[in-house]
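What follows is calculated from the coordinates using simple rules that are stated; it is not laboratory data. Note that this is a predicted model, so its numbers are computed, not measured. Cβ: placed from backbone, ideal geometry, glycine included. Neighbour counts: every protein chain shown.
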Amino acid sequence: MELQQTVTAAYSEKFNTPPPLIVQAPGRVNLIGEHTDYNDGFVLPMAIDRGIWLALRPRDDDQVVVHSLDFEETAVFSLTALQNSKSGWAEYLKGVAWALQEAGYPLRGWEGVMAGNVPKGAGLSSSAALELATARAFQQVSGFAWDAAQMAKLSQRAENKWVGVNCGIMDQMISAAGEAGHALLIDCRSLESELVPLPPALDGSGTAVVILDTTTRRGLVDSAYNERRQQCEEAAAYFGVPALRDVSISTFLAEADGLAELPRRRAQHIITENLRTLNAAKAMQNADAALLGQLMNESHASLRDDFEVTNEALNIIVEIAQGQDGCFGARMTGAGFGGCAVALVHEAKVDGFVTAVTHQYHQQTSLTPNVYVCQPSAGASVIPQN
Ligand code: GLA
């Protein structure tokens, strides 16, 4: 609600009339299924109640004019003469315009104001939120049908080819297709998805998803990420399949001996993580918070030992979280190498959990974590205006 009011007020002041159109798209947290998306595997993220909001109106020409309240900057570009200036937030909007036009969507210009509250650089997909909010804006002013998977693919293409970041499909898919109250099991090969509810605690109370930002950031994340992708491709080639998604655990156990140690450990993570993710979705459907938590803990161990994408801060905060009363499970989330962990916590124990984790993490690292208790929220959407 808050950001809706912010963009409405800013728009009204700028244009002397209330906005005819408001769209939003969320950031995300991944419950389980890490680094599996670019292996054609399974992921289980949820959209969070933090996102990017745009208040806008169509224009009669091919110009897009957007004022960002966060950057205190106005971006102006022409849809018929898109130019890549290689840096800055406007490239995400231009990239989406480029990808939509390349795919044959005729676009119309628009103007408006934008604000967001996804922390940037924390691994909560502020860039996917920006891409999908932009796609929603174009869809509304240009009048084509909203196909969530197609919009996710084109937004990913914008990020890969226009912005130059080699991400998988998870972040864009959940920002496009999330639904309130649910996480989404996504098959990253077919892009079919299935809604799954957060499980209640044994006593029937709710559970909460708590994001714990270690506040550590590592440089060269892109090159470490690309190196993992290559190691996974090497392993898939060894097994003679298009992606590690196609290797069963029994094939892996029977045939992995001939594979070099590093790609073998990477493959072991991916193959077991796909199984954990499918089991986690079942656990959620069966209202089994304890099993979901256990699978999250196992996922962290696998990301730490086999995939090697955690850092010390992540390992410390996850261990502290796992040791708290009322915590079902915790793990690093997102690309890793710093950034955030996610924990599933008994709703009635959240306050004590947050206080204890913050205190103990500070004691061990001298750092103060940023903590976000999140609600599973809707994907890219249009806010009705009367
Ligand atoms: C980043 C990427 C995603 C995914 C995760 C790891 O968030 O953008 O596509 O690969 O890392 O699961």
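Quick notes on this one:
- Check: the chain dipole with +1 on Lys, Arg Cβ and -1 on Asp, Glu Cβ, in debye: 480
- The Cα center of the range 1-75 and the Cα center of the range 193-217 differ in position by 23 Å.
- The range 120-207: GluC sites (Glu not before Pro) in DSSP loop, at most 11 other beta carbons within 10 Å: Glu192
- For the range 61-144, trypsin sites (Lys or Arg not before Pro) are listed when DSSP marks them as loop and at most 14 other Cβ atoms sit within 10 Å of their Cβ; the list is Lys86, Lys120.
- The range 198-374: mean projected area of Cα convex hull, nm²: 10.5
- FRET efficiency for the Glu72 to Asn286 pair, using the beta carbon distance and R₀ = 45 Å, is estimated at 0.40.
- Ordering of 327-335, 67-75 by burial proxy (mean other Cβ atoms within 10 Å per residue, highest first): 327-335, 67-75
- Equivalent-ellipsoid semi-axes of the range 131-255, from the Cα gyration tensor, Å, largest first: 28, 24, 18
- The value given for the chain is a Kirkwood hydrodynamic radius of 21.4 Å, derived from the mean inverse Cα-Cα separation.
- Net charge in the neighbourhood of Gln375 (other residues with Cβ under 13 Å of its Cβ; Lys, Arg +1, Asp, Glu -1) is -1.
- Karplus-derived HN-Hα couplings along the range 196-206 (A = 6.51, B = -1.76, C = 1.60, θ = phi - 60°), whole Hz, x at Gly and Pro: 10, x, 5, x, x, 6, 4, 7, x, 5, x
- Placing R0 at 22 angstrom, the Cβ-Cβ distance between Lys14 and Asp147 gives a FRET efficiency of 0.10 after rounding to 0.05.
- The range 2-110: Cα Rg divided by the 2.2 N^0.38 Å rule of thumb: 1.27
- In nm, spacing of pseudo-spin labels at Ala224 and Asp49 (7 Å Cα→C-beta vector): 3.2
- Surrounding net charge for Leu100, when Lys and Arg each add one and Asp and Glu each subtract one, Cβ distance under 12 Å: +2
- Extension gain for Asp203-Lys86 works out to 36.9 nm (0.36 nm per residue, less the C-alpha to C-alpha distance).
- Gained length - Gln4 relative to Gln63, 0.36 nm times residue gap less alpha-carbon distance: 18.9 nm
- Taking the charge dipole of the chain about its Cα centre, with +1 at Lys and Arg Cβ atoms and -1 at Asp and Glu Cβ atoms, the residue from Gln83, Leu54, Leu220 reaching farthest to the positive side is Gln83.
- Calculated FRET efficiency for the pair Lys120/Leu253, C-beta based, R₀ 35 Å, to 0.05: 0.25
- Neighbourhood charge, 12 Å Cβ-Cβ cut-off, centred on Thr310 and excluding it, Lys, Arg +1 and Asp, Glu -1: -3
- Principal-axis tilt of helix 2-15 within the chain, Cα atoms, nearest 10 degrees: 20
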